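Working notes for the structure below.
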Amino acid sequence: MRTTLDIDDAVLKAAKDIAETTNSTAGEVISQLARKGLAATSSHGLRNKSGFPVFSVPAEADPFTSATVKSILSNEGLP
């Protein structure tokens, strides 16, 4: 389907770069990325469990452990 969209110059350049390396078109790349973004929005929504926010992440996401939190706090000079 053809339509006209205003796309940020940097986003279009990135899509064209990806298209060149994957032997596809910028339109195909943007459609694929839009599908992923829309799927992530619908499947990774926040919900509450016992008053605490809980969210889902993709299976391939790196773990975010208490050691990660401690490292970030330390790097930021926070207790």
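Within the range 60-76, residues that are more than 29 Å from residue 36 (Cβ to Cβ) reach partners that are not small (Gly, Ala, Ser) with beta carbons closer than 8 Å, at six or more positions or on different chains, in the pairs 73/79.
Taking the range 5-25 only, how many residues are more than 18 Å from the chain's Cα centre (by Cα) and in a loop (DSSP other than H, G, I, E, B)? Total satisfying the criteria: 5. For the range 24-79, a tally of residues being touching a Pro at 6+ places or on another chain (Cβ under 9 Å) and modelled with pLDDT of 85 or more returns 1.
The values are calculated or read from the model by the stated rules, or taken from the named source; none is laboratory data. All figures in this text were calculated on a predicted structure; none of them were measured in a lab. Ideal geometry is used to build each Cβ from the backbone, glycine not excepted, and the neighbour counts take in all protein chains shown.
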